[in-house]
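The values are calculated or read from the model by the stated rules, or taken from the named source; none is laboratory data. Bear in mind that the values here come from a model prediction, so they are computed numbers and not experimental data. Glycine gets a Cβ as well: all are built from the backbone with ideal geometry, and neighbour counts include every protein chain shown. In case anyone asks, the SASA skips ligands and DNA or RNA and just uses the protein heavy atoms, side chains included. Shrake-Rupley method; radii C 1.70, N 1.55, O 1.52, S 1.80 Å.
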Amino acid sequence: MDVGDHAAGAGHVPVMLGRVLELLAPAVDAARAAGRTPLYLDATLGMGGHAEAMLRAHPDLRVIALDRDTTALERSARRLAPFGDRVAFEHAVYDEIPGVLARLGVPSADAVLFDLGVSSPQLDEADRGFAYSYDAPLDMRMDRTQTLTAAEVVNGYPPAELARILREYGEERFAQRIASAIVRERERAPLDSTRRLADLVRTSIPAATRRTGGNPAKRTFQALRIEVNGELDIWRRALPAALDALPVGGRVAVLSYHSLEDRITKRVLAAEAADTTPPELPVPLPEHEPRFRLLTRGAELPSDEETTTNPRAGSVRMRAAERVREAT
């Protein structure tokens with residue numbers, strides 16, 4: 001997601017809301033059919049828009065609402081207050097799902113949603129340092145109780161490590177040039193503001209490149225945000241944990257905002273939906289049959305109408321899957 005461009009945009013609108021509700025409803029129905037009170041796990045609560053819609057659509061639904069950002073939890077708690085004890089709020093990172101469920105004494109979650117990327121509270125508060133359209137301290141922490149900030153990364157990481165982060169997490173062609181410029185600048189004075197960093201990136205890349213593709217700082221800001229928050233490492237742990245928490249008939253939906261997240265999602269879901277019977281055997285073995293079936297053909301995109309009215313939806317890719325077999 002292009003956080004700088006969105007930051008000046010309108011307020012929070014849940015992304016692909018109708019499709020999320022449509023994909024997760026059968027999992028709620030399956031729980032009822034099995035005699036359970038349906039449970040929805042919102043692993044990235046944000047402003048609570050998806051959770052509110054799920055609660056309204058299913059009056060018997062209970063919700064576990066996770067977020068690593070205490071500001072998001074506080075705001076969503078006010079929004080979801082009318083639903084009373086149907087909602088349990090948890091300050092946790094989404095790879096902590098097994099621990100959260102165990103602490104609450106919950107054996108499984110029937111429907112799980114991950115809306116990845118940066119939430120509206122983080123974008124709309126200039127002092128969070130996520131957006132290059134504001135001048136703010138270089139922070140970028142989703143969880144402000146952690147210690148590592150973007151300022152510590154740009155001022156303390158070795159040049160080679162900075163270049164690697166920009167190249168791998170930002171898919172930045174000019175990673176080496178930008179990293180070298182950061183090192184030169186921090187030797188004069190520590191880099192401590194988003195504007196100084198954005199200006200430095202802009203002057204570090206060729207003029208012809210600066211004229212196309214939006215703000216030239218967006219890839220650097222994405223890379224730093226991913227590093228500060230450990231997003232990809234967490235996601236590699238979180239999605240398998242969520243899949244393990246689903247009963248047969250349970251469903252997961254994932255909204256990704258850049259190719260790195262979506263690539264991990266695609267790989268994990270494809271592996272779970274594959275038959276692993278050895279090819280030399282004449283018939284599939286039950287214990288090797290797929291545990292999940294894919295609910296989307298590739299990655300689904302938002303409608304043109306949604307991307308026009310909701311800028312945050314512009315880069316989203318959705319994938320979803322349903323559990324069809326217990327683990328053996």
Please go through the stretch 75-122 and pick out each residue that is within 11 Å of LEU45 (Cα to Cα), assigned to a helix (DSSP H, G or I) and of a type in the set (D, E, K, R). ARG75
Regarding GLU272, is this residue within 19 Å of ARG317 (Cβ to Cβ), out of contact with any Pro (no Cβ under 6 Å at 6 or more places or on another chain) and either outside the structural domain of ARG219 (by the TED database) or not acidic (Asp, Glu) (or both)? yes
Does ARG173 fit the bill of being more than 30 Å from ALA92 (Cα to Cα), out of contact with any His (no Cβ under 7 Å at 6 or more places or on another chain) and not assigned by the TED database to the domain that holds ARG291? yes
Going through the stretch 149-175 one residue at a time, which ones are part of a loop (DSSP other than H, G, I, E, B) and either open to solvent by 50 Å² or more (accessible area, probe 1.4 Å) or on the phi > 0 side of the Ramachandran plot (or both)? PRO158, GLU171, ARG173
Anything in the stretch 291-321 that is open to solvent by less than 70 Å² (accessible area, probe 1.4 Å), out of contact with any helix residue (DSSP H, G or I) (no Cβ under 7 Å at 6 or more places or on another chain) and under 18 Å from GLY249 (Cα atoms)? List them, or say none. THR296
Give me the pairs, please: first residue somewhere in the stretch 158-183 and under 17 Å from ARG196 (Cβ atoms), second residue anywhere and open to solvent by 30 Å² or more (accessible area, probe 1.4 Å), beta-carbon distance under 7 Å, and either six or more positions apart or on two chains. ALA179/PRO159; SER180/PRO159; VAL183/PRO159
Counting only residues that are of a type in the set (Asp, Glu) and surrounded by fewer than 16 Cβ atoms within 10 Å (Cβ to Cβ), how many does the stretch 236-287 have? 4
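Table: residues versus (1) among the hydrophobic types (A, V, I, L, M, F, W, C); (2) closer than 28 Å to ALA33 by Cα; (3) touching a residue at least 24 places away in the same chain (Cβ under 8 Å).
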residue	(1), (2), (3)
PRO216	no, no, no
ARG219	no, no, yes
PRO240	no, yes, yes
TYR257	no, no, yes
LEU260	yes, no, yes
ARG267	no, no, no
GLU289	no, yes, yes
ARG312	no, no, yes
Do the conditions hold for THR209, that is, is it open to solvent by 10 Å² or more (accessible area, probe 1.4 Å) and of a type in the set (Ser, Thr, Tyr)? yes
Go through ALA77, ALA92, ALA109, ALA53 for me and flag whichever is touching a residue at least 60 places away in the same chain (Cβ under 8 Å) and of a type in the set (A, V, I, L, M, F, W, C). ALA109
Criterion violated by GLY298 - all others in (1) under 15 Å from the mean Cα position of the chain (by Cα); (2) of a type outside the set (Ser, Thr, Tyr); (3) on the phi > 0 side of the Ramachandran plot satisfied: (1)
Residues VAL201, VAL183: which one is in a helix (DSSP H, G or I), farther than 27 Å from TRP235 by Cα and either open to solvent by less than 10 Å² (accessible area, probe 1.4 Å) or touching a Lys or Arg at 6+ places or on another chain (Cβ under 6 Å) (or both)? VAL201
